[in-house]
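Colleague: Pasting in a structure now, in structure tokens, and then I'll have a few things to ask.
The values are calculated or read from the model by the stated rules, or taken from the named source; none is laboratory data. Given the structure is predicted, the values throughout are model-derived calculations rather than measurements. So basically every Cβ, Gly included, is an ideal-geometry build from the backbone, and we count neighbours across all protein chains shown.
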């Protein structure tokens, strides 16, 4: 299990209308490799609005259609739920993901 990997996760009893949703792992690798039971993930929706907190993905990224990683909706998911591997993000997409996460959590070089 690595940062930047996509997994299809069963979400049956949640408020999400889809029974399955694809998520990308965004936790740092040291946490993923630890005994901690959960990792932080970002959901992937079939909607991409071009926001600075989103990363566009497509068929070339292992998905069925154009979609978007939504970094404003981070969630903690048990590692045991991440069993249905879909794909891994390319280095370029990882850089885009890092930039979108910085915007989503308000990380800047300025002292505010």
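Colleague: Can you tell me which of (1) surrounded by 14 or more Cβ atoms within 10 Å (Cβ to Cβ); (2) more than 13 Å from the chain's Cα centre (by Cα); (3) more than 17 Å from residue 4 (Cβ to Cβ) is the one residue 45 doesn't meet?
Modeller: Unmet condition: (2).
Colleague: Any idea which of (1) loosely packed, with under 13 Cβ neighbours inside 10 Å; (2) assigned to a loop (DSSP other than H, G, I, E, B); (3) at pLDDT 95 or above is the one residue 72 doesn't satisfy?
Modeller: Going through the list (1) loosely packed, with under 13 Cβ neighbours inside 10 Å; (2) assigned to a loop (DSSP other than H, G, I, E, B); (3) at pLDDT 95 or above, residue 72 breaks only (1).
Colleague: Mind counting the residues in the range 62-81 that are over 16 Å from residue 28 (Cα atoms) and touching a residue at least 40 places away in the same chain (Cβ under 8 Å)? Explain how you work it out, then say what you get.
Modeller: Step one: of the range 62-81, the residues over 16 Å from residue 28 (Cα atoms) are 62-70, 72-73, 80-81.
Next, only the ones that are touching a residue at least 40 places away in the same chain (Cβ under 8 Å) stay: 62-63, 67, 69, 80-81.
The total comes to 6.
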